[in-house]
Amino acid sequence: MITKIASKQKIKIDDLKVEIYENRNLMGSAAAYDVAAAIIEIIKRKQSVRMIFAAAPSQNEFLNELSKIKDVDWSKVTAFHMDEYVGLKPNSKQSFANYLNERIFNKVDFKKINFITAANNNFENICEDYSKLLSEEKIDIVCMGIGENGHIAFNDPPFAKFNDPKLVKVVELDDVSRQQQVNDGCFNSFEEVPKEAITLTIPALLSADQIYAIVPAPSKAKAVYSTLFGKISEECPASILRKHKNAKLYLDQDSSMNIDKNKLC
């Protein structure tokens with residue numbers, strides 16, 4: 001049986017549902033149980049699930065709890081990840097594929113895992129091949145974070161396009177985005193962070209039937225506020241989540257600190 005953790009507060013901004021939790025452990029667990037319930041429901045309805053995972057420390061608690069839920073038949077789930085650095089060695093600890101292997105891919109038995117392999121220089125073919133995999137069938141679920149600059153995947157504000165014609169592309173990383181990787185402890189210095197990445201575009205992410213955004217930590221508070229209360233704009237790519245008909249944002253007390261909760265119903 002899937003457990004349901006009660007949030008401290010629920011709000012809705014445009015179409016985006018928002019749940020605020022006391023801490024990031026409760027937040028991560030609540031998101032995990034909701035995603036597990038969604039997977040189970042989709043399997044009952046169509047016998048298979050296609051879902052996309054983010055790789056970032058913000059996802060730690062969520063993925064840890066999700067991997068432990070016994071009711072999910074992972075043998076019917078096909079997995080993708082949403083971005084990967086360009087130029088890292090395949091065995092690099094900073095590789096997003098390796099992060100997801102450690103956190104969930106090697107913990108449960110998926111039907112199939114589709115990796116973005118960005119170690120060689122044939123980026124056009126890599127993007128084209130991954131786009132074809134994504135397009136084979138509908139994406140059911142995306143599990144994502146939000147960056148300090150409001151990015152989703154590696155669609156940073158200087159380069160994000162709500163109407164991007166591509167599903168997967170190579171992008172230059174914004175300096176704020178690169179510094180976040182240092183702030184998160186993924187790299188020792190700014191200079192070590194790759195300057196480019198392969199990313200799923202915003203239309204690729206929004207094509208999913210359901211989106212679950214898991215966003216803890218005080219470093220995300222400014223981006224969360226802009227996502228919810230700023231204009232819907234490529235200046236804050238995550239703001240587009242307010243237009244998705246089935247998206248939910250999970251916050252902890254730290255990431256929601258800029259929200260005046262006394263004024264929320």
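Charges were assigned to the Cβ only: +1 to each Lys and Arg, -1 to each Asp and Glu. The resulting dipole of the chain about its Cα centre is roughly 960 debye. With contacts taken as Cα pairs under 8 Å at a separation of at least 6 residues, the stretch 9-260 carries a relative contact order of 26 percent. Taking every DSSP beta bridge that has both ends in the stretch 9-260, the antiparallel portion is near 40%.
Near K111: Cβ cut-off under 14 Å, other residues only, Lys/Arg at +1 and Asp/Glu at -1. The net charge is -1. Anisotropy class assigned to the stretch 1-96 is oblate, per the alpha carbon gyration tensor with a/c at or over the 1.5 cut-off and a/b no larger than b/c.
Placing unit charges on the Cβ atoms of the charged side chains and taking the dipole of the chain about its Cα centre, the candidate lying farthest along the positive direction among Y21, N60, N114 is Y21.
Taking the helices alone, the chain has a mean residue ellipticity at 222 nm of -8000 deg cm²/dmol, built from -39,500 (n - 2.57) per DSSP H run of at least 4 residues and averaged over all its residues. The length gained by stretching the chain between K12 and K111 to full extension, at 0.36 nm per residue less their Cα-Cα distance, is 32.2 nm. For the chain, taking Cα atoms only, Rg and Dmax work out to 17.2, 52 Å respectively.
We did not get these values from a lab; they are worked out from the coordinates using the rules stated. These numbers were taken from a predicted model, which means no experiment stands behind them. Quick reminder, even Gly has a Cβ in these numbers, built from the backbone with ideal geometry, and neighbours come from all protein chains shown.
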